[in-house]
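Enquirer: The structure's right below; bear with me while I get my questions together.
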2 protein chains.
Amino acid sequence: MDKHPIITDLETRKTSKHYDPTRRVSSEDMEVLYESLRLTASSINSQPWKFIVIESEEAKGRLEKTFARKNFHNKKHITDGSHVILLAHNPRYAIEDFAKVVDTDIANGRGDNSSESRNRALSKFSFAESKMDATRNNAEWTKAQVYIALGNALHVLARLDVDGTPMEGIDPELISEEFEQELDGYVCEVALVVGYHHPEGGNAKLPKSRLPRKDVLKIL
Amino acid sequence: MDKHPIITDLETRKTSKHYDPTRRVSSEDMEVLYESLRLTASSINSQPWKFIVIESEEAKGRLEKTFARKNFHNKKHITDGSHVILLAHNPRYAIEDFAKVVDTDIANGRGDNSSESRNRALSKFSFAESKMDATRNNAEWTKAQVYIALGNALHVLARLDVDGTPMEGIDPELISEEFEQELDGYVCEVALVVGYHHPEGGNAKLPKSRLPRKDVLKIL
């Protein structure tokens, strides 16, 4: 029996260890990726994220500087990869942030703009509040939402036949300093390198390896 | 210009608020979902997850009991949805867990089984160690990986034309008690309801709504 195309896509995708510096991802493909990130689902539709795309040589130079203290081995991805996306979360997702979502919903025709209806929609914010610590920090919750976007993006790249490498080995503090203006208080703890693997490189020819089904999935 | 099929898939998917209790997802589609979850990418290929599928009436009855204290409104999804998947993470991902990954890799033909090569592979565990707190808990890191699987799963469901509802409104403590044996110390803080939306129900006919591009994405 032929494999389902979804499985073929996921089995074919690889986390590249070595990118081809001569190849760039087309703007058409990047456009699909950007829109896919924006369309990602999140808890209470909170969308507590910012995606900063590092495309220009100038921006790459700025990102390279953030590898001054650690994870030097990942620096080559910045130059060799086509694009790098910084996935950042809002560590203090507040009612004002959720109000933007609610007002966008109303503008898009979801619910009317009576104050009763708007207040009912806003009341869902109690869930974000329940995720706050004593300092009103709900970063663990918002960070998790960003990883939904990452999982979505990796699937999108597999469909586009573009390689992607999630990169947690970065320096959130130096990134916060260097991209202070763009991040505007959001925190970046994971990035996604996008490009094409080097024809000679790394693990491109190795078989995909995952734990056996019985170790990770049980049907009750 | 026609929309890219990836965008059409993502725009069409909806987080259902009301499932059709008469419809069940085919075992073929569920099989694709299970394999997709297993194939999900994770940091250092750690795969720090367990997916517990609630399919039988008996298992649904057990899951219903965990809504005894809170989130009563989500209980209906358990009975009306076709399947519920508990996505659980390992709060104390240890070297023994990573050794299973390394040995599976070797068995699958990635690297040889010399002790030098195995030790080199095992040394990547230092990254998991860097994510531990003073009690050797690295749950924030492993939980994030589970959300990559969730993002992947939502994209898979969109392609299969199956509805899915991520559900953080659950009771991790009661789930740990009820499914103690199956979870084996793993923690479930998010579940995924899978099924078909009710023809009369909820938000199926409302337009999709997301923040505008300028609020969430910036190209540098």
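Enquirer: Look at the axis of the rotation that sends chain A onto chain B, then give the chain A residue with the nearest Cβ and the distance in whole Å.
Expert: Nearest to the symmetry axis by Cβ: A:Gly151, 1.
Enquirer: Moving to a separate point now. Suppose every Lys and Arg Cβ carries +1 and every Asp and Glu Cβ carries -1, with no other charges. What dipole size does the protein assembly as shown come out with about its Cα centre, to the nearest 20 debye? The partial results should precede the final answer.
Expert: Working: 62 positive and 70 negative charges, 2 e Å.
Computed charge dipole of the protein assembly as shown: roughly 0 debye.
Enquirer: How large is the Kirkwood hydrodynamic radius of the stretch B:107-220, in angstrom, based on all distinct alpha carbon pairs? Present the calculation step by step, with values, prior to reporting the outcome.
Expert: Details: mean 1/r = 0.0534 Å⁻¹.
The Cα-based Kirkwood calculation yields 18.7 Å.
Enquirer: Compute the distance in nm between two label points, each set 7 Å from the Cα along the Cα-to-Cβ direction, one at B:Asp112 and one at A:Ser26.
Expert: It works out to 4.3 nm between the two label points.
Enquirer: Further, regarding this structure: Tally Lys/Arg at +1 and Asp/Glu at -1 over every other residue whose Cβ is under 9 Å from the Cβ of B:Ser43; what's the total?
Expert: Working: positive: B:Lys131; negative: A:Glu168.
Charge balance in the 9 Å sphere: 0.
Enquirer: Tally Lys and Arg at +1 and Asp and Glu at -1 over the other residues with C-beta under 11 Å from the C-beta of A:Met30: what net charge comes out? Spell out each step's value before the answer.
Expert: Values: positive: A:Arg24; negative: A:Glu28, A:Asp29, A:Glu31, A:Glu35, A:Glu55.
Net local charge, A:Met30 excluded: -4.
Enquirer: Take A:Thr104, B:Thr142, A:Thr12 and order them by how many other Cβ atoms sit within 10 Å, fewest up front. Kindly include the intermediate steps, with their values, before the conclusion.
Expert: Working: A:Thr104 17, B:Thr142 26, A:Thr12 10.
Placing the least packed residue first, the sequence is A:Thr12, A:Thr104, B:Thr142.
Enquirer: Could you please tell me the mean projected area of the C-alpha convex hull for the stretch A:38-84, averaged over all directions and given in square nanometres to one decimal? All intermediate terms of the calculation are to be shown ahead of the outcome.
Expert: Numbers: hull surface 17.8 nm².
Over all viewing directions, the stretch A:38-84 projects a mean Cα-hull area of 4.4 nm².
Enquirer: Sticking with this one: Can you give the relative contact order of chain B as a percent, counting alpha carbon pairs under 8 Å and 6+ residues apart? Present the calculation step by step, with values, prior to reporting the outcome.
Expert: Details: 306 pairs, mean separation 79.7, N = 220.
Dividing the mean separation by the residue count of chain B yields 36 percent.
Enquirer: If each DSSP helix of 4+ residues adds -39,500 (n - 2.57) and the sum is divided by the residues in chain A, what number results at 222 nm, nearest 500 deg cm²/dmol? Walk me through the numbers on the way to the answer.
Expert: Numbers: 11 runs with 99 residues, N = 220.
After summing the helix terms and dividing by residue count, I get -12500 deg cm²/dmol.
Enquirer: Using the C-alpha atoms of the protein assembly as shown, what convex hull volume per residue, in cubic angstrom, is computed?
Expert: Values: hull volume 71.2 nm³, N = 440.
Spread over its residues, the Cα hull of the protein assembly as shown gives 162 Å³ apiece.
Enquirer: Next question. Need the full-extension length gain, A:Glu177 to A:Lys65, defined as separation in residues times 0.36 nm minus the C-alpha distance. One decimal, nm.
Expert: Details: separation 112, 0.36 × 112 = 40.32 nm, distance 1.06 nm.
Working it through step by step, the gained length comes to 39.3 nm.
Enquirer: Let me ask you something else. Looking at this model, which pairs from A:Lys100/B:Lys218; A:Lys218/B:Lys143; A:Lys14/B:Lys14; A:Lys124/B:Lys75 are more than 21 angstrom apart at the alpha-carbon? Don't jump to the answer; show the numbers that get you there.
Expert: Working: A:Lys100/B:Lys218 18 Å; A:Lys218/B:Lys143 19 Å; A:Lys14/B:Lys14 29 Å; A:Lys124/B:Lys75 18 Å.
Result: A:Lys14/B:Lys14 exceed 21 Å.
Enquirer: At 15 Å minimum axial length over the Cα atoms and a Kyte-Doolittle cut of 0.0, report the qualifying DSSP H helices in chain A, or say none. Don't jump to the answer; show the numbers that get you there.
Expert: On the way: long enough: A:27-39 (18 Å, -0.30); A:95-107 (18 Å, 0.40); A:139-160 (31 Å, 0.53).
Both cut-offs are met by A:95-107, A:139-160.
Enquirer: Ok, one more. For peptide B:142-150, compute the average count of partner chain beta-carbon atoms within 10 Å of each residue's beta-carbon.
Expert: Details: counts 0, 4, 9, 5, 3, 9, 11, 4, 7.
So the per-residue partner count for this stretch is 6.
Enquirer: Name the residues whose placed amide hydrogens come within less than 5 Å of the amide hydrogen of A:His197, ignoring near sequence neighbours (fewer than 5 apart) on the same chain.
Expert: Those qualifying (amide H under 5 Å, at least 5 residues apart or on another chain) are A:Asp20, A:Asp163.
Laboratory data are not the source of any read-out in this text; all were calculated from the coordinates shown. Quick caveat, the model's predicted, so the values are computed rather than measured. Positions of Cβ are backbone-derived with ideal geometry, glycine not excepted, and every protein chain shown enters the neighbour counts.
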